[in-house]
1. Would you please give the residues with an amide H less than 5 Å from that of residue 273, counting only those at least 5 places away or on a separate chain, with H modeled from the backbone geometry?
2. Counting only protein chains, not ligands or nucleic acids, how are 298, 133 ordered by accessible area (probe 1.4 Å), most first?
3. Using only C-alpha atoms and all pairs of different ones, pull out the Kirkwood radius for the chain in Å with one decimal.
4. For 442, 55, 447, give the ranking by accessible area with the largest first, probe 1.4 Å.
5. Would you mind finding the longest exposed-site-free stretch of the chain, with exposed chymotrypsin sites (Phe, Trp or Tyr not before Pro) meaning DSSP loop and at most 15 other Cβ atoms within 10 Å?
6. Using a 1.4 Å probe over the heavy atoms of the protein chains, calculate the carbon and sulfur portion of the accessible area of the range 181-296 as a whole percent.
7. Based on DSSP H assignment, which helices of the chain show an axial Cα extent of at least 18 Å together with a mean Kyte-Doolittle hydropathy greater than or equal to 0.5?
8. Quick one: pull the percentage of alpha-carbon pairs in the range 214-279 with a separation above 21 Å.
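The values are calculated or read from the model by the stated rules, or taken from the named source; none is laboratory data. Just so we're clear, the structure is a prediction, and the values are computed from it rather than from any experiment. Here the Cβ is made from the backbone with ideal geometry for all residues, glycine too, and neighbour counts use every protein chain on show. The area values use the complete protein model at the heavy-atom level, side chains included, leaving out ligands, DNA and RNA. Shrake-Rupley method; radii C 1.70, N 1.55, O 1.52, S 1.80 Å.
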Amino acid sequence: MSFRSNLIKARSHITFLMALGLGLALVVTLENTIDKRATDSTEPTEPSAVKNQSHLAAFETVEPLPLAITGEATEDDLEYARIAWRYFENNTHETTGLVNSADKYPSTTMWETGSYFIAVISAELLGLIEPEEAEARISLAVETLSALRLFDDILPNKAYNVQTAELVDYGNRPVERGLGWSALDIARMVGALGQVANRYPELAPDVTALLDKWDLTQMVEDGRLIGGNIADDNLRRDQEGRVGYEQYAAKAMMLFGYDMVNAYRAEDHLMVKDVLGQPIPVDTRLHRNVTPAFTVSEPYIFDGLEFGFDARSHRFATAIYKAQEARYRETGILTAVSESHLDEAPYFAYASVWGGGAPWAVMTFKGERLDSKRTITTKVSFAMDALFGTDYTRELIAAIAPLADMERGWPEGIYEEDGSTNVSITTNTNATILAALAFRVHGPLIHAAP
């Protein structure tokens, strides 16, 4: 094949890499600008700006923990990864290529579908599957995504039936119009598609064609993420994202050139709460405009595993990790908290480092306290061990390892209150484990060589 033919064949991948490079350069530029504004006291500022800058300055004393990239996987690592991959072998629908959000539950969101793509890439990096299987799995799912009926012909609905690809509500019941769209979920999907195009150049044109069908401009406004929600049968547009999730999603959208400058600026809505001597980043905005926002581990571990920390997120993640270790040192209670599925009603909760007005609160989506369901989460244990590799994270892995279900995958974790297992088994947990174990060998996914 001639050089010209090869060049034409590769043009979509070349375009993607150029966009990726520009996107990452934008992240670095924004980060440097933010750091300069936070530390340069010679520039005149408004009182509110001074207050926000002082909040960022609280993290200057946080020494980022060194990353624990080892360059190799142990036999235990590979066995843990095989168990996580078993989940996806069991839960991928052969016709649609989509994956159940939880074991045998045939519903999914864009967040969970993005998690599946991250799981496939990680499994291939670890040698659990061949590149041909990885490409075939992703290609089938992308084909289904390309044919999805969108909410109001704008963007993907908040949930879909895995078996039929129909629009559904969160109970997996068909809904004609849909529920609206989640900007955070779609941004995670966009970030995962960026990872796909980077890892598998042959799929780059399919990724481009898929994203061309989604009107992503509808979920970006003034550099922020905008979700679509149904209220009295009308579409209402609401800002989405709080500190942590908002910056993670902004990075994902930047990969494809979207202006996310205001979403990336954590200092605009930042307050600092002291938890066991650590400065914890908390959003000043309310959850659902009712409950004080909560800080969990998840967006920070995803940022580190998938994109690689920037200077600011590395400090935030370090403080969040250190607070959890400090709680263990003070109380003897293993702590690895984040959002997680539950194996009984209400089936989902946010176990926070700080949230709802207090440290270590566990909150339902509606903002109710549910501390009895605080879980030592499997995904956070694996992720923190991969990222930081401390004596404490090794204690977490030792506690979590016996939970493995060789036939079904990894459950959510251990209920702190009575030591029983939270037996829910999900896409997000098993995908995070695979990403964590791939990170141990290769570093952040976006930097793994194609």
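1. Residues meeting the amide H criterion: 280, 282.
2. 133, 298
3. Every distinct Cα pair counted, the radius reaches 22.2 Å.
4. 447, 442, 55
5. 171-346
6. 45
7. On the way: long enough: 11-39 (42 Å, 0.67); 75-91 (25 Å, -1.31); 110-125 (23 Å, 0.84); 131-147 (24 Å, 0.06); 183-199 (24 Å, 0.55); 311-331 (30 Å, -1.15); 427-442 (22 Å, 0.59).
For the chain, where a helix must reach 18 Å along its axis and average at least 0.5, the hits are 11-39, 110-125, 183-199, 427-442.
8. 35
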